[in-house]
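Here the structure is laid out as structure tokens; the discussion comes afterwards.
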Amino acid sequence: MKILVTDDSKMARKMVIKTLKDIIQDDIEIHEAQNGQEALDLYKKILPNIVFLDLTMPVMDGFDALKEIKKFDNKAKVVIISADIQKLSVDKVLELGAFNFIKKPIDSVKMQQILDKINKRDK
Amino acid sequence: MKSDITLNEDEKDCLQELMNVAYGSATAAITEILDAFAKLSIPKIQIINADELKSYLSKELNFNVEHIISLQQINGTLCGENMFVIDKQSAKNIAYKFGLEEDEVNDEEIADIVLEITNILSSSTISKLAEDIDTNVSFSAPTIKTISSIDQLKNIFISKYEKVIIISTQLKFEDLDINAELFIFTTDNSILYIKEKLNKILDEF
């Protein structure tokens with residue numbers, strides 16, 4: 001399984017990766033991006049199974065990256081992980097086609113539930 | 001000891017992320033009250049000599065217009081001050097958003113609203129940050145001042161610093177024309193405490 005983790009904070013990326021590795025027992029191939037533009041470029045190159053995307057980032061924010069990724073691949077599974085927990089932000093990303101929203105700091109139970117949902121949908 | 005009062009890139013990144021999370025939930029509380037959508041910015045972290053603070057702030061803030069400054073002392077292991085800065089027009093726009101009519105918006109009403117915003121935004125941001133770095137803080141009542149030049153900032157700070165860690169982030173509403181900034185200044189010992197805790201967090205990952 002290929003997973004793309006996008007956050008401008010190295011620590012935030014590490015936290016997501018650690019949570020993923022604690023949950024997923026199978027082999028996973030993790031790629032990292034530091035902003036929305038990098039995520040978009042990497043998405044096109046590696047076609048990951050899941051993208052984890054922060055919202056507040058330099059160069060290209062998560063809203064625009066989500067829009068562009070969904071434009072490129074309507075079936076992309078993008079999970080937003082953000083501290084921007086405003087209702088309007090959550091509504092907006094779901095409207096743009098995000099698979100789900102996880103608020104920071106990450107709750108591993110929520111992460112597990114989302115991964116289970118993605119697995120079910122893929123079967 | 002003073003030479004240790006720096007943060008390396010990983011420590012800065014870690015503090016920035018903690019601040020991002022803390023400020024995110026505080027902003028959500030404000031936007032719920034105002035029924036508005038805020039554009040969050042990436043927090044800035046910097047350590048400077050205290051005597052450079054005035055020139056730093058004069059670069060950061062536009063003193064061509066009147067600003068309202070609210071200062072609140074933070075007490076505890078994480079000791080220092082937070083400063084919420086908002087230009088007068090933005091403060092008026094918040095007052096209108098709270099339902100006040102133009103003729104009702106006077107300096108007293110504006111001060112009251114700024115104090116309320118300061119309480120919600122600063123207290124919840126710093127309390128969350130304190131919780132993340134394993135400590136407790138208490139706050140003194142905020143004081144408020146209207147200033148129109150950087151010179152009026154002289155002697156405004158409650159604490160005296162050698163070095164200050166500046167954590168700043170913006171409150172910006174796209175459709176409301178409201179801009180404000182939150183600064184957190186902490187003392188030398190607090191910087192060392194923060195540094196130690198950040199390294200503990202970094203070791204976990």
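At 1.4 Å probe radius, can you tell me the per residue accessible area of segment B:1-152 in Å²?
Working: 6830 Å² over 152 residues.
Spelled out: the 1.4 Å probe surface of segment B:1-152, per residue, equals 45 Å².
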Handout entry: Those residues of segment A:74-110 for which accessible area with every protein chain present is at least 20 Å² below the isolated value (1.4 Å probe)
Key = A:83, A:84, A:85, A:86, A:88, A:104, A:105
Exercise for the section: May I ask you to list the residues of segment B:110-135 whose amide nitrogen lies under 16 Å from a point 7 Å from Cα along the Cα→beta-carbon direction of residue B:104? Expected result: B:110-114
Problem - Percent breakdown of C-alpha pair distances by 10 Å bin, ordered from the shortest bin, for the protein assembly as shown - result: 5, 25, 30, 23, 12, 3, 0
Handout entry: Accessible-area value, residue A:31, 1.4 Å probe, nucleic acids and ligands omitted, Å²
Key = 40
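Take the Cα gyration tensor of chain A, multiply each eigenvalue by 5, square-root it, and list the three semi-axes largest first, rounded to whole angstrom.
Numbers: eigenvalues 69, 51, 46 Å².
Equivalent ellipsoid of chain A: 19, 16, 15 Å, largest first.
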Completion exercise
Buried accessible surface, B vs A, both sides, probe 1.4 Å, in Å² to 100, equals 1800
Completion exercise
For chain B, the longest principal axis of the Cα atoms and the Cα long axis of helix B:188-204 enclose an angle in degrees, to the nearest 10, of 70
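Report D for chain B in µm² per second (integer): Stokes-Einstein, Kirkwood Rh on Cα pairs, 25 °C, 0.890 mPa s.
Details: Rh = 17.4 Å.
Estimated via Stokes-Einstein, D reaches 141 µm²/s.
So for B:27, A:19, what's the accessible-area order with a 1.4 Å probe, most first? Spell out each step's value before the answer.
Details: B:27 0, A:19 20 Å².
Result of the area sort, largest leading: A:19, B:27.
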Fill in the blank from the handout: residue A:106 neighbourhood, Cβ < 12 Å, K/R = +1, D/E = -1, net charge +1
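Give me the 1.4 Å probe accessible area per residue for segment A:23-123, excluding ligands and nucleic acids, in Å². Walk me through the numbers on the way to the answer.
Working: 5340 Å² over 101 residues.
Here the residues of segment A:23-123 average 53 Å² of exposed surface.
Please list, by residue number, every one of the trypsin sites (Lys or Arg not before Pro) in segment B:97-205 that is coil in DSSP and has at most 12 other beta-carbon atoms within 10 Å.
On the way: sites: B:97, B:128, B:145, B:154, B:160, B:163, B:172, B:195, B:197, B:200; in loops: B:154, B:160.
Of the trypsin sites (Lys or Arg not before Pro), the ones in loops of segment B:97-205 whose Cβ has at most 12 other Cβ atoms within 10 Å are B:154, B:160.
Explain nothing, just the number: relative contact order of chain B, from Cα pairs under 8 Å at least 6 residues apart, as a whole percent.
Answer for chain B is 35 percent.
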Practice task
Quick one: check the C-alpha center-to-center distance for segment B:166-191 versus segment A:1-29, whole angstrom.
Solution key: 30
Completion exercise
With Cα springs under 10 Å, the Gaussian network model of chain B assigns the largest mean-square fluctuation among B:55, B:138, B:190 to B:55
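Averaged over all directions, how much area does the convex hull of the C-alpha atoms of segment B:80-185 cover when projected, in nm²? Present the calculation step by step, with values, prior to reporting the outcome.
Details: hull surface 31.1 nm².
Average of the hull's projected areas for segment B:80-185 equals 7.8 nm².
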Practice task
Whenever you get a sec, line up B:193, B:23 from highest to lowest accessible area (probe 1.4 Å, protein heavy atoms).
Solution key: B:193, B:23
Practice task
Order the following by accessible area, largest value first: B:78, A:47. Probe radius 1.4 Å; ligands, DNA and RNA are ignored.
Solution key: A:47, B:78
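Per residue of chain B, what 222 nm ellipticity follows from adding -39500 (n - 2.57) for every DSSP H run with n ≥ 4, rounded to the nearest 500?
On the way: 5 runs with 87 residues, N = 205.
The per-residue figure over chain B is -14500 deg cm²/dmol.
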Practice task
Mind listing, in residue-number order, the residues in segment B:16-57 that have at least 30 Å² less accessible area with every protein chain present than in their own chain alone (1.4 Å probe)?
Solution key: B:17, B:20, B:21, B:28, B:37, B:40, B:42
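The values are calculated or read from the model by the stated rules, or taken from the named source; none is laboratory data. Keep in mind it's a predicted model, so treat the numbers as computed, not measured. Note that each Cβ is placed from the backbone with ideal geometry, even for glycine, and that neighbours are counted across all protein chains shown. Remember, those area values only see protein heavy atoms, side chains included, never the ligands or the DNA or RNA. Shrake-Rupley method; radii C 1.70, N 1.55, O 1.52, S 1.80 Å.
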